[in-house]
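The values are calculated or read from the model by the stated rules, or taken from the named source; none is laboratory data. Given the structure is predicted, the values throughout are model-derived calculations rather than measurements. When we count neighbours, we look across all protein chains shown, and the Cβ atoms used for this are built from the backbone with ideal geometry, even at glycine. To get the accessible areas, we keep the full protein, side chains included, count just its heavy atoms, and leave off ligands, DNA and RNA. Shrake-Rupley method; radii C 1.70, N 1.55, O 1.52, S 1.80 Å.
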Amino acid sequence: MTETTSSQSGSQDLAREIDDVVSDDLLVVGSPPGGRDLDVMARAENRAKLAAWLESSGFVNHQDQWVRFGACSAEAIDLLSPAAFGLDDATTADLFRDAHPLPGFRHLARPAPHHLLLMLARWTAEGDGSLADKRRARIAQALNEDAEAWSTAASQASAWRATSSLAALRRVYTTGAGLTRAERAAALAESVYAAGRTPWRARLRAWIAALRPRRRKGGFLVSFSGLDGAGKSSQVEALRRSLERLGFDVEVQWTRLEWTTLWENPWLGVLGWPARTALRLVSRLRSRGEASEAEGGTARTLEPSAVRERSALISQVWVAIVALAHATAQRRETRQHLRGGKVVLCDRYTLDTAVHLRFRYGEQRNYRFQIGLVDRLSPRPIAVYLLDVPAATAYARKAEQYSLEDLERQASLYLQESARLGVRRLDGELPREQLCADIATEVWRALRSV
């Protein structure tokens with residue numbers, strides 16, 4: 001079964017569970033059952049009953065979005081109320097009375113075409129004013145079902161506080177353009193800012209909102225760290241699947257020190273050329289000095305790495321160059337996706353860099369300045385995790401690059417550096433599904449709170 005098929009089956013199952021719980025009609029106002037999630041509208045009594053059932057069934061709530069994490073995926077339902085549109089009792093009764101039952105369900109129905117147009121008009125005007133392809137397709141479907149849907153909606157628009165937004169939506173749908181600022185201001189004055197204000201104050205407030213520059217929404221970063229074989233890639237993939245089910249645009253990024261910097265970063269060659277040249281010169285001078293001190297001795301060439309290990313100053317300078325090169329690369333690799341508003345999931349991040357700088361260039365030196373440099377120059381995650389497993393467990397899972405002794409040394413460094421960098425430690429030997437659910441719940445709440 002493909003991931004898409006599995007998701008559709010899960011949404012259908014959730015819809016049937018909900019259908020059995022409620023005793024009155026629910027309106028499915030988003031995608032039909034089988035889509036990514038469910039957007040349903042309920043009257044007060046049914047809404048309270050459904051909310052209680054969702055809570056008892058393991059769903060968590062944030063601002064009327066209910067989510068349940070399980071099997072390293074997610075189920076979601078947005079629980080809406082007619083009060084969000086400011087509908088009175090008579091208009092609410094018309095909305096539910098005119099709804100079309102969904103085949104195979106007792107209590108689930110979809111809005112009549114004209115009511116769907118009124119909802120889309122409000123959502124578009126109160127959003128960014130653009131008409132997404134998905135909404136355009138829903139309008140086309142509504143008009144195909146009812147050729148008089150525009151005129152029927154217009155006759156009821158006043159009760160929906162949508163006279164201006166409906167007219168604007170019709171123009172946008174016909175011309176393919178977005179809403180003008182004047183159209184948005186008129187729509188907002190009629191709906192969002194009308195309550196408790198005189199008409200001119202509502203228009204003033206609406207114009208302020210319409211003229212405000214639209215900020216481009218930035219993205220967010222979540223990082224996973226740990227030994228090779230700790231389960232990072234598995235948890236990254238599980239979180240990606242869950243967040244995409246919840247409507248987030250997700251990008252997975254690998255930022256391993258070896259791949260990103262030591263092997264593939266051309267800037268390291270540029271930045272490191274003076275240091276490498278100095279190392280070669282020092283190695284030759286020291287080799288000659290040692291040879292002259294030994295009676296009858298011959299010059300023994302010292303490798304630059306040996307000189308670096310002997311000299312604290314040279315080591316500190318070289319590691320600073322590596323840290324700067326890696327911080328630059330890590331920033332570049334992640335910022336391009338963050339600027340696009342994506343959630344970036346990093347398989348390895350600053351903690352792994354800290355551990356491998358010390359492991360590679362000397363555990364006896366803490367390289368506090370260099371690690372701090374990487375930390376300060378890299379985008380700040382909203383959640384950082386260390387998947388902590390014993391070295392023996394990691395070695396049994398992935399005995400490829402490092403020996404068991406190497407992994408034990410790295411495990412000790414991970415604990416030291418995670419405490420210093422404020423990384424949350426998770427028991428990587430917990431069942432995969434439990435870790436998936438705990439991580440996804442925490443990240444989802446963090447994303448919904450910013």
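Subtracting the Cα-Cα distance of residue 434 and residue 148 from their residue separation scaled by 0.36 nm leaves 97.8 nm.
Residues within the reach of a label modelled at residue 312 (point 7 angstrom out along Cα to beta-carbon, backbone nitrogen below 20 Å), restricted to segment 343-357, are 357.
Using a Förster radius of 30 Å, what is the FRET efficiency between residue 140 and residue 19 based on their Cβ-Cβ separation? Nearest 0.05, please. FRET efficiency, residue 140 to residue 19: 0.60. Sorting 231-243, 87-99 by their mean Cβ neighbour count within 10 Å, with the most densely packed peptide first, gives 231-243, 87-99. Shown here for segment 350-450: GluC sites (Glu not before Pro) in loop regions (DSSP other than H, G, I, E, B) with at most 12 other Cβ atoms within 10 Å, namely 400. Looking at segment 334-450, the accessible area is 47 square angstrom per residue; that uses a 1.4 Å probe and ignores ligands, DNA and RNA. Listed by chain and number, the aspartates and glutamates whose C-alpha is less than 16 Å from the C-alpha of residue 342, apart from same-chain residues fewer than 8 away, are 237, 244, 249, 251, 333. Taking every protein chain into account, the accessible area of segment 14-75 amounts to 41 square angstrom per residue (probe 1.4 Å).
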